[in-house]
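Participant: Below: one structure in structure tokens.
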Amino acid sequence: MPSPYNIDVQDQCTTCNRHKEGFFCHLAADSLETLDTLKFTSIYPKGSLLFVEGETPRGVFILCSGLVKLTTSSAEGRTLIVKIAQQGEILGASATLLGKPYEVSAETIEPVQVNFVKREDFLRFLATNSEVCLQTARQLSEKYHSAQLEIRSLGLSQTTSEKLANLLLNWCQRGEETPKGVRLSVLLTHEEIAQMIGTTRETVTRLLSDFKRRKLIDVKGSTFLIPMKENLEAMVSF
């Protein structure tokens, strides 16, 4: 199916030709066929809200392509990005299972393809398929593990420089290894990076300039190059 957002839309999970790395991508053929009958496929442009913190859960969103930021806000209007969701993740699963309001808001960082499954259909799918239950449990466990690491990073970091260094190191895990270092595609603004480490845009801009001066990173547009991860690792005290 052609898309105005240059996305290779995959309508059917059973015939998807993308690199399959999602939690539901490797289900048995009959499970994928059932999923195809339940889901609604949509394309969203950058800046779209999939769901909002505090909203009654309508169901789950399976992220098939693109990136989505998950945020939480205080009563004073401060925003914290708690995670950047990647291709293959299931969004809104915990709220849908518990029947409680979405605990975060989900906003697209770039054009995405999303498969939506209504809450009642998703719960029925889980109840009748142990494989789907296992994959959902795996995602929720990884979410918990990731949250613990994030708490550790924010709580034990001594300085904002350390928090930024740790964030860059985390991104390196999904970066491209090159002879010159690890190449990262960073689609976040300085404001959004600040929201990930609990600081201000001005501080992030100043720290990135300092990191470039010290040759810890090289930045060209949305491309970050980390010449030697060891230099950033030496800044992290935990």
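Participant: Can you pull out the residues in segment 53-70 that are closer than 20 Å to Val82 by Cβ and of a type in the set (A, V, I, L, M, F, W, C)?
Facilitator: Once the filter is applied, which keeps residues that are closer than 20 Å to Val82 by Cβ and of a type in the set (A, V, I, L, M, F, W, C), segment 53-70 yields Val60, Phe61, Ile62, Leu63, Leu67, Val68, Leu70.
Participant: Between residues in segment 22-36 that are of a type in the set (Ser, Thr, Tyr) and residues that are assigned to a helix (DSSP H, G or I), which pairs lie under 6 Å by C-beta distance while being six or more apart or on different chains?
Facilitator: Final answer for the pair search is Ser31/Glu131.
Participant: Which number in (1) more than 18 Å from the chain's Cα centre (by Cα); (2) on the phi < 0 side of the Ramachandran plot; (3) not basic (Lys, Arg) marks the one condition that Thr189 misses?
Facilitator: Every listed condition holds for Thr189 apart from (1).
Participant: Only one of Leu63, Leu134, Leu49, Leu98 is within 22 Å of Val9 (Cβ to Cβ), surrounded by fewer than 15 Cβ atoms within 10 Å (Cβ to Cβ) and not assigned by TED's automatic domain parsing to the domain that holds Ile193; which? Break it down stepwise before answering.
Facilitator: Details: Leu63 fails: surrounded by fewer than 15 Cβ atoms within 10 Å (Cβ to Cβ); Leu134 fails: within 22 Å of Val9 (Cβ to Cβ); Leu98 fails: within 22 Å of Val9 (Cβ to Cβ).
Exactly one residue qualifies, and that residue is Leu49.
Participant: Between a first residue in segment 140-164 that is more than 20 Å from Ala93 (Cα to Cα) and a second residue that is modelled with pLDDT of 80 or more and outside any helix (DSSP H, G or I), which pairs have beta carbons less than 6 Å apart while being 6 or more apart in sequence or on different chains?
Facilitator: What qualifies is Thr160/Thr199; Glu162/Met235; Glu162/Val236.
Participant: Let me ask something additional. Does Glu76 satisfy being free of Cβ contacts under 8 Å to residues at least 12 places away in the same chain and surrounded by fewer than 19 Cβ atoms within 10 Å (Cβ to Cβ)? Can you show your working first?
Facilitator: Details: free of Cβ contacts under 8 Å to residues at least 12 places away in the same chain: yes; surrounded by fewer than 19 Cβ atoms within 10 Å (Cβ to Cβ): yes.
Judged against the criteria, Glu76 is a match.
Participant: To continue, here is another question. Is at least one residue of segment 58-75 more than 23 Å from Leu188 (Cβ to Cβ) and of a type in the set (D, E, K, R)? Please lay out each step first, then the result.
Facilitator: So in segment 58-75, the residues more than 23 Å from Leu188 (Cβ to Cβ) come out as 58-60, 75.
Still in the running and of a type in the set (D, E, K, R): 58.
Yes, segment 58-75 contains a residue that is more than 23 Å from Leu188 (Cβ to Cβ) and of a type in the set (D, E, K, R).
The values are calculated or read from the model by the stated rules, or taken from the named source; none is laboratory data. None of the values given here were measured: they were computed from a predicted structure. Neighbour counts run over all protein chains shown; Cβ positions are idealised from the backbone, glycine included.
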